Amino acid sequence: MKHPANLKDHSLESLRERFVSEGVPAYRAAQIMNWLYKRGTEDIHQMTDLSVALREQLASVWETRAVDVRKAERSVDGTQKLALATKDERLIEAVIIPEAKRNTLCISTQVGCALACDFCATGTMGFTRNLTTAEIVDQVCRAKERVGEDETISNVVFMGMGEPLLNLAAVKESIRIMIDPRAMGLAPRRITVSTAGVVPKISELIAMAPINLAVSLHAATNAVRDILVPINKKFPLEVLLGLLRSDENVTRKRPVFFEYTLLEGVNDSIDDAKRLPGLLRDIPCKMNLIPANSHPGGRYQAPAQDVMDRFAETVYNGGMRVTLRRSRGADIAAACGQLANTETTAGTSVEIPI
Ligand code: SF4
């Protein structure tokens, strides 16, 4: 589908170039970024430091909004899941995870996902289309409206629906907007992009800014990872980890976060835990262990707590930094591996006041 021009599709540099090509003074771009992202104003007619004539000219060409909240659910632990509708009525999801004094927002980059990871609800949906830059950054704008007046979105993680590295151009442009002090102004270290292992795109992503890279590992052997994360058949562990060992942005700058969803009887053995430190040797990294979340139609479940504790302890004793996460928002299917819209007709869902 062809989208109308949206101001949020552009970083400051890109908007300047576009304006210049259309005869609009380049400095207007910074004013507009300020309205859109600092003041949260989307009505071009209210951008009062632009002349009335320019406001009318821009409003006749540009849109400023890309997604609308269709439904909001709040978990007992404070996690909020937003079902967001695009202009062509596709539903995507974003999750606000409150922590002490900060809110982390998990955002989507595609409608559905083609990678079909075996434990993931999104993977069962198949792939529909990539999100635009505007649709990615607008998830942050909608989320900001949902947090308390004196709060903000302090961290953004690209871990929602979709594989970010298969929509890299839009993801990179959205990150430029997020980290630009004249736009959203987030510190790069507050942004984490997760990949299932699209090896040829990793270096390009982490070279653009000192953001965090998360890698969905989920297995300690190729045999198990081939099943859980099928892209492993194309880019097996030795290729993925070889790239991470050789990329200077990994070895000299920020540690990689390895995500490992613990699935009972599948990848939770002590042998697996013992393999991980050796497998990941020489890669500055931290391991996040995540208890599996069940979803309708899913066949995996989390191991017992003592099994997970023993797994974490074994990885730690092998010399790794490791965290066993508690699951957030599981009661509203907002937890990792649970993001999949159950609505089939986007226009009929009802927003729940929160
Ligand atoms: S885990 Fe990520 S990459 Fe894998 S199917 Fe789910 S959304 Fe796609």
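Each value in this text was obtained by applying a stated rule to the coordinates, not by laboratory testing. For clarity, every value in this text was computed on a predicted model and none was experimentally measured.
Alpha carbon centre of the range 294-317 versus the range 140-215: separation in Å?
28
Please list, or write none, the lysines whose alpha carbon is within less than 23 Å of the alpha carbon of residue 234, excluding same-chain residues fewer than 8 places away.
Those lysines meeting the cut-off are 201.
Among 277, 200, 291, determine the one that fluctuates most according to a GNM of the chain built with springs between C-alpha atoms less than 10 Å apart.
So, out of 277, 200, 291, the one fluctuating most is 200.
Spelling out what I want: for every residue of the range 145-158, take phi, set θ = phi - 60°, compute 6.51 cos²θ - 1.76 cosθ + 1.60 (Karplus), and round to whole Hz; glycine and proline get x.
Values, residue by residue: 6, 9, 9, x, 4, 9, 10, 8, 8, 9, 9, 10, 10, 8 Hz.
Can you give the helix-only mean residue ellipticity at 222 nm for the chain, where every DSSP H stretch with n ≥ 4 adds -39500 (n - 2.57) and the sum goes over all residues, rounded to the nearest 500 deg cm²/dmol?
-8500 deg cm²/dmol
Roughly speaking, what is the centre-to-centre gap between the range 1-79 and the range 249-287 when only Cα atoms are used, to the nearest Å?
41
Keeping to pairs on different chains or 8 or more places apart, tell me how many lysine pairs in the range 1-147 have Cα atoms under 15 Å apart. Before the final figure, lay out the partial values.
Numbers: 2/87; 8/38; 8/87; 38/144; 71/81; 81/144; 101/144.
Close lysine pairs found across the range 1-147: 7.
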